[in-house]
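Working notes, beginning with the structure itself.
The values are calculated or read from the model by the stated rules, or taken from the named source; none is laboratory data. These numbers were taken from a predicted model, which means no experiment stands behind them. Positions of Cβ are generated from backbone atoms using ideal geometry, with glycine treated the same way; all protein chains shown enter the neighbour counts. Ligands, DNA and RNA are excluded from the accessible area calculation, which covers all protein heavy atoms including side chains. Shrake-Rupley method; radii C 1.70, N 1.55, O 1.52, S 1.80 Å.
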Amino acid sequence: MRHRIAVVGAGPAGLTFARVLYRHGYPAAVIERDPAPDARPPGGTLDLHEGLGQLALDKAGLLAEFQALSRPEGQAMRILDTAGTVLRDWRPRPGDRANPEIDRGQLRDLLLGPLDVQWGRSVTQVVPGTRDGVLVHFADGRQETFDLVIGADGAWSRTRPAVTSVTPHYTGVTYVETSLDDVDTRHPDLARLIGDGSMAAYGVNRALVAQRNSGGHVKVYAQFRAPLDWHTDLGLADGEAVRSSLLALFDGWAAPVLDLLRHATAFVHRPLYVLPVSHTWTHVPGVTLLGDAAHLMPPLGAGANLAMLEGAELAESIATATGPEALDEAVRAFEEQMWARAGKWAKITTAGLERLVSPDPAEALALFDQVQPSPAR
């Protein structure tokens, strides 16, 4: 018997789930509110870990293609102080593929492959326990039923209320994202400052992070502790006002570091929200969650990796489930495994955020010294 399965959200979690299920000859409806794959900027680069994101791609049969697209040199990491002095300069060893980088857009296209995504369909509500299965309501007024609905629809999931009333809360840390284009040609000094991967400078309760993407594109993140409404009187649409405000916030930092803000374009407010560290729920037959919908945590390299592996593991588990009881048992077992692993990573990333945006900048440096696998040189 073929189960009627839907995954809400065409991000890394949902697409990995659908792609692994497809590899097992099993269809799933992929439902995405964006009208097209490129309807909005895909975001910054991702480092996919050998035992997490890369393992998920291997389960999808896509590891070789990922290796051809990824950037092992992007694993480089440089730490500066506010005076612009280089404190650490980590570079990957030849052949090191522990955490190579890939642009989110490239990863999305790799996972999409032959999948038939239902673009431009916004889910408004998921109702389990109806006579015909799990009822999904759409913004256009239509309804459909499924045997299993998987919420892979991110921080503000419309699927999550079907299993829990818990919602994300603000961490007290805000990111303002901006970017530089054609950096090697237009801003060669900044290109050298950033290096092949990422560069970060840490001060008191604030940081500036620059992250190389492919094609000479650089994402820049101003990170700081502030009230959620810090920008209310500023007007984020006024780029020059935002730039001036950020330059004032980082006043006294070295001019070459501040050039990341002076030359950047288009500022986006990204306050950091999280779910409780040990977020679980009472199992609801017919509905489960993946990735940020299940365990939103600080963006310190774990979230997308966990989401992809969860999608792959769930797909493998239910591909062999031959009846309703077997399907429900597979989902139950998956949730227990997901909660245990995600809880561990949520603790790590929550503690990491406290140290990276800290009153003592030495905490950030000490954290990197702990997690870097090779000595600085």
remark   = Taking the stretch 81-96 and keeping only residues that are within 15 Å of Asp196 (Cβ to Cβ) and not in a strand (DSSP E or B), one is left with Arg91, Pro92, Arg93, Pro94, Asp96
inquiry  = Looking at the stretch 176-190, I want the residues that are polar (S, T, N, Q) and have a partner that is part of a strand (DSSP E or B) and open to solvent by less than 10 Å² (accessible area, probe 1.4 Å) with Cβ atoms under 8 Å, at least 6 apart or on another chain. Which pairs are those?
reply    = Thr178/Val220; Thr178/Ala222; Ser179/Val218; Ser179/Val220
query = Restricting attention to the stretch 317-367, and to residues there that are among the polar types (S, T, N, Q) and under 18 Å from Leu300 (Cβ atoms), which single residue is nearest to the chain's Cα centre (by Cα)?
reply = Thr349
query = Which residues, counting only those in the stretch 30-45, are of a type in the set (A, V, I, L, M, F, W, C) and either on the phi > 0 side of the Ramachandran plot or open to solvent by less than 20 Å² (accessible area, probe 1.4 Å) (or both)?
reply = Val30, Ile31
query = Can you tell me which residues in the stretch 104-120 are outside any loop (DSSP other than H, G, I, E, B) and either at pLDDT 95 or above or open to solvent by 50 Å² or more (accessible area, probe 1.4 Å) (or both)?
reply = Arg104, Gln106, Leu107, Arg108, Asp109, Leu110, Leu111, Leu112, Val117, Gln118, Trp119
key: In the stretch 121-132, residue most open to solvent (accessible area, probe 1.4 Å) [restricted to those that are in a strand (DSSP E or B) and modelled with pLDDT of 95 or more]   = Gln125
ask   = Quick check: anything in the stretch 352-373 out of contact with any strand residue (DSSP E or B) (no Cβ under 8 Å at 6 or more places or on another chain) and among the β-branched types (Val, Ile, Thr)?
value = yes
ask   = Which residues, taken from the stretch 232-252, are touching a helix residue (DSSP H, G or I) at 6+ places or on another chain (Cβ under 8 Å) and farther than 16 Å from Ala207 by Cα?
value = Leu234, Gly235, Leu236
Subset of the stretch 50-85 [within 22 Å of Leu300 (Cβ to Cβ) and either surrounded by fewer than 19 Cβ atoms within 10 Å (Cβ to Cβ) or of a type in the set (Gly, Ala, Ser) (or both)] = Glu50, Gly51, Gly53, Leu55, Ala56, Ser70, Glu73, Gly74, Ala76, Asp81
request  = Could you grab me the full set of residues in the stretch 136-189 that are over 22 Å from the mean Cα position of the chain (by Cα) and polar (S, T, N, Q)?
outcome  = Gln143, Thr145, Ser165, Thr185
request  = All but one of (1) open to solvent by 40 Å² or more (accessible area, probe 1.4 Å); (2) outside any helix (DSSP H, G or I); (3) closer than 30 Å to Asp233 by Cβ; (4) modelled with pLDDT of 95 or more hold for Ala266, so report the exception by its number.
outcome  = (4)
message = Taking the criterion of being at pLDDT below 95, part of a helix (DSSP H, G or I), buried (at least 16 other Cβ atoms within 10 Å of the Cβ) and in contact with a strand residue (DSSP E or B) (Cβ under 7 Å, 6 or more places away or on another chain), would at least one residue in the stretch 234-242 satisfy it?
response = yes
note = Every listed condition ((1) part of a loop (DSSP other than H, G, I, E, B); (2) within 21 Å of Gly51 (Cα to Cα)) holds for Met308 save (1)
task = Being part of a helix (DSSP H, G or I), on the phi < 0 side of the Ramachandran plot and crowded, with 23+ Cβ neighbours inside 10 Å narrows it down to one of Ala294, Ala333, so name that one.
result = Ala294
ask   = Is there a residue in the stretch 17-27 that is open to solvent by less than 30 Å² (accessible area, probe 1.4 Å), more than 19 Å from the chain's Cα centre (by Cα) and among the aromatic types (Phe, Trp, Tyr)?
value = yes
inquiry  = Tell me the residue from Leu314, Leu353, Leu327 that is farther than 26 Å from Ala60 by Cα and surrounded by 19 or more Cβ atoms within 10 Å (Cβ to Cβ), please.
reply    = Leu353
query = Of the residues that make up the stretch 206-224, is at least one open to solvent by 30 Å² or more (accessible area, probe 1.4 Å), more than 18 Å from Pro42 (Cβ to Cβ) and either touching a Ser or Thr at 6+ places or on another chain (Cβ under 8 Å) or among the hydroxyl-bearing types (Ser, Thr, Tyr) (or both)?
reply = no
inquiry  = Restricting to the stretch 133-148, name every residue that is of a type in the set (Val, Ile, Thr) and over 19 Å from Phe17 (Cβ atoms).
reply    = Thr145
